[in-house]
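The values are calculated or read from the model by the stated rules, or taken from the named source; none is laboratory data. The shown structure was predicted, so the numbers you read here are calculated from the model rather than taken from an experiment. Ideal geometry is used to build each Cβ from the backbone, glycine not excepted, and the neighbour counts take in all protein chains shown. The area values use the complete protein model at the heavy-atom level, side chains included, leaving out ligands, DNA and RNA. Shrake-Rupley method; radii C 1.70, N 1.55, O 1.52, S 1.80 Å.
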Amino acid sequence: MKITSTSCICPVLVCLCFVQRCYGTAHHSSIKVTRNQTKHTEGETEVHHRPKRGWVWNQFFVLEEHMGPDPQYVGKLHSNSDKGDGSVKYILTGEGAGTIFIIDDTTGDIHSTKSLDREQKTHYVLHAQAIDRRTNKPLEPESEFIIKVQDINDNAPKFTDGPYIVTVPEMSDMGTSVLQVTATDADDPTYGNSARVVYSILQGQPYFSVDPKTGVIRTALHNMDREAREHYSVVIQAKDMAGQVGGLSGSTTVNITLTDVNDNPPRFPQRHYQLYVPESAQVGSAVGKIKANDADTGSNADMTYSIINGDGVGMFSISTDKDTREGILSLKKPLNYEKKKSYTLNIEGANTHLDFRFSHLGPFKDATMLKIIVGDVDEPPLFSMPSYVMEVYENAKIGTIVGTVLAQDPDSANSLVRYFINYNSDDERFFNIDANTGTIKTTKVLDREETPWYNITVSASENDNPGLLSYVTVGIRVLDVNDNPPELAKEYDIVVCENSKPGQVIHTISATDKDDFANGPRFNFFLDEHLPMNPNFTLKDNEDNTASILTRRRRFSRTIQDMYYLPIMISDGGIPSLSSSSTLTIRVCACERDGRVRTCHAEAFLSSAGLSTGALIAILLCVVILLAIVILFITLRRSKKEPLIISEEDVRENVVTYDDEGGGEEDTEAFDITALRNPSAAEELKYRRDIRPEVKLTPRHQTLSALESIDVQEFIKQRLAEADLDPSVPPYDSLQTYAYEGQRSEAGSISSLDSATTQSDQDYHYLGDWGPEFKKLAELYGEKESERTT
């Protein structure tokens, strides 16, 4: 099948079509398509031959934007199998088949039914096939071809980023680049000049120019001045077809603004200025303004003002307001019309940011002269001092002169002045002032300890103009006199330990005085000489405004006396000196070895021994339980039918009950304990008293001889063996007690029974160093020694 195209309209297109056909014929093989031929000879099998194609394929061209009434002819399909009898049917598939492109299924002619736009789609891919109309079988395989949309100049150049806003510094050199603009053309840049764009300037000459190829906009004049003209509107045109006649064009606007540079110096509008300032102007206040003009803007117009000379340099100062660029003139010292009536100042204004490229246009500063006229004003009285400080002693009599203030009229009239003290309605008035002389006196007795300083305000006015006032502050210091005696700094809680030693410091006291330091410290501490010497405590002045309390004797007892009183005297260092008396209370307390207070109350023995309430309750519970057991035991014994056999001679387990109070270790009459000292003192070996003995008794003389010959340890072992072997032992425990000190001891007895009548001079103070186990013993012997000393 051959593909041919006849879409040639103009002579140029005719040539293109000719080249197209020649190109397709020369470079694409023409293959004839034939049917498969099969021979059936006798003795031979069926042989299949490979079919050959008969396509001549190519690409078609169709002009865009076709506006004719009839469909545009695109080309023709032809197969070698087509004999012209209509038996071959052509089928077209692919992009736009049946909608944009239609084919005559008999002739193979292809037409375009719609106007195409190359800028939307540049080409279409389609597939062609020839089939047998009668059998609907393909005569040849499907083949692919392309239809390209041929461009025409139907799109004008466009500036996608316009309009433009750009700046360039003023006074720039000619040819300075401002901006590059770019226009785009949607036409095919590879076909003809449809997309070839050139640039030109329609508006903005002679200030700017544009490069026709690159679109770069440049300045076309030297020294363009922003102050003369600041904004420019430049119109740039882009035309395709290389600018030829018939080409399409587009334009854009470029708004160019000249930015400022410092090319203009500041200038004062006048060479001479005059300013009126009243003499009553306050120091530090602004009294006037001055301004120099600068044609530049922004930081290029910033300037500073200064006073370069004149007789008012020391009286006035000038500063710059950055917002308004004005010079603010301020007063440095008070004006006095009576002394000087005018001043002259030379003021300079200079740019702060200089551009050395334009230094030839300078200098960038300017100067002017300012004359200041001082105006006469009726001024209030002027005090001789800005403030006053006066002194007066406390307790001074009412009417005592404190001091005098002085004010005068500064004007030439020199009017008389009157004085007043400004009091609030609720203020207590301690002073008054003489309205004519300004003398301040007391109206009440002053107390420095209550108020050491007074601040009052004195006003002065002229007799001729009472409404014109001036004020001054007067500070009055109240001086101290020695009118307060010293006293203890606080209430002291002084404690002395029972085991204190003579000369031991038990406390340090200090004093205070309401008077000033000149009449207060130094303090002297001493005991009253009119009282007898205290045998228990003394006072030591430490000469540093403190005193120490010391003990005079060894050991104190709470049980004898738990509180002592020590009168003391304190005097100050004032002239004349004042003194006071106080009494210190000293409590006696039990202390630990390191001096820590344990208790300060006269408690019971158990409490002093350190037993807590819980321990006392536990002891009481144990006693109650023991009593219950004893009562139960007695009840059981009385319930037995057979009475117990009790030997009158057995003294080992006798329970002696008596109601009188014993004498302690010194009482030897309550119970004879000689029988417990030596087992040989027992008359005979006794057995249990609660049952009848059934064993044979040993003769008395044998027992005594045995007791004399054995040691107490053997004696106890023998008793234990007899108790273990006794068959008559009842089913409960039995407690047998023996007390024997032994024989032939070189040290003798350590018992204190025989030492009651001896008088010992031994010092028992060392018992306090033995530890907490001997604490109570040390306290007992310490009390005895104290009683003996007393």
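Report the residues of the stretch 373-399 in range of a label on Gln274: point 7 Å along Cα→C-beta, backbone N strictly under 11 Å from it.
Within reach of a label on Gln274, which here means backbone N under 11 Å from a point 7 Å along Cα→Cβ, the stretch 373-399 contributes 373.
Karplus couplings for the stretch 108-113 from phi (6.51 cos²θ - 1.76 cosθ + 1.60, θ = phi - 60°), rounded to Hz, Gly and Pro as x?
Once θ is set to phi - 60°, the couplings for the stretch 108-113 become x, 6, 10, 10, 9, 9 Hz.
Working out 0.36 nm times the residue gap between Ile631 and Glu722, then minus their Cα-Cα distance, what length gain in nm do you get to one decimal?
Details: separation 91, 0.36 × 91 = 32.76 nm, distance 2.94 nm.
So the chain would gain 29.8 nm between Ile631 and Glu722.
Hey, can you grab everything whose amide H is under 5 Å from the amide H of Gly573? Only 5+ residues off in sequence or another chain; H modelled, so Pro and N-termini drop out.
The list, which skips near neighbours in sequence, is Gly520, Arg522.
Under 5 Å between amide H atoms, partner at least 5 residues away or on a different chain: which partners does Gln180 have, H built in plane at 1.01 Å?
Ile217
Do the alpha carbons of any pairs in Lys121/Lys158; Lys114/Lys137; Lys501/Lys540; Lys397/Lys490 sit beyond 24 Å of each other, and which pairs?
On the way: Lys121/Lys158 20 Å; Lys114/Lys137 31 Å; Lys501/Lys540 16 Å; Lys397/Lys490 34 Å.
Pairs exceeding the cut-off: Lys114/Lys137; Lys397/Lys490.
Using a 1.4 angstrom probe on the protein heavy atoms only, line up Cys622, Cys600, Cys589 by accessible area, largest first. Let's see the in-between values first.
Numbers: Cys622 75, Cys600 25, Cys589 0 Å².
From most accessible down to least: Cys622, Cys600, Cys589.
Based on the mean of other Cβ atoms within 10 Å per residue, sort peptides 108-119, 390-401 so the most packed one is first. Please list the in-between numbers first.
Numbers: 108-119: 18.2, 390-401: 13.7.
In descending order of packing, they fall as 108-119, 390-401.
Taking the highest mean first, how do the peptides 354-363, 456-465, 308-317, 628-637 order by number of other beta carbon atoms within 10 angstrom per residue?
Values: 354-363: 12.2, 456-465: 17.9, 308-317: 15.8, 628-637: 10.0.
Output ranking for 354-363, 456-465, 308-317, 628-637: 456-465, 308-317, 354-363, 628-637.
How much length is gained on full extension from Asp104 to Asn193, taking 0.36 nm per residue of separation minus their Cα-Cα distance? Show your work: numbers first, answer last.
Working: separation 89, 0.36 × 89 = 32.04 nm, distance 3.63 nm.
Between Asp104 and Asn193, full extension yields 28.4 nm more.
What is the packing order of peptides 467-480, 231-244, taking the mean over residues of other C-beta atoms within 10 Å and listing the highest first?
On the way: 467-480: 16.4, 231-244: 18.3.
Top of the packing list down: 231-244, 467-480.
Could you size up the charge dipole of the stretch 433-584 around its Cα centre, putting +1 on the beta carbon of Lys and Arg and -1 on that of Asp and Glu, and report it in debye to the nearest 20? Spell out each step's value before the answer.
Values: 14 positive and 22 negative charges, 194 e Å.
Using Cβ point charges on Lys, Arg, Asp and Glu, the stretch 433-584 gives about 940 debye.
Could you work out how far apart the two model spin labels at Asp225 and Thr451 are, taking each label as a point 7 Å from the Cα in the direction of the beta carbon, and quote it in nm?
Distance between the two pseudo-spin positions: 7.7 nm.
Given H placed on each backbone N at 1.01 Å, which residues far from Met390 in sequence or on other chains put an amide H within less than 5 Å of it?
Counting only residues 5 or more places away or on other chains, the set is Gly475, Ile476, Arg477.
Starting from the Cα of Thr176, step 7 Å toward the Cβ, then list every residue of the stretch 296-330 with an amide N under 16 Å from that point.
Zone members listed by number: 296-297, 300.
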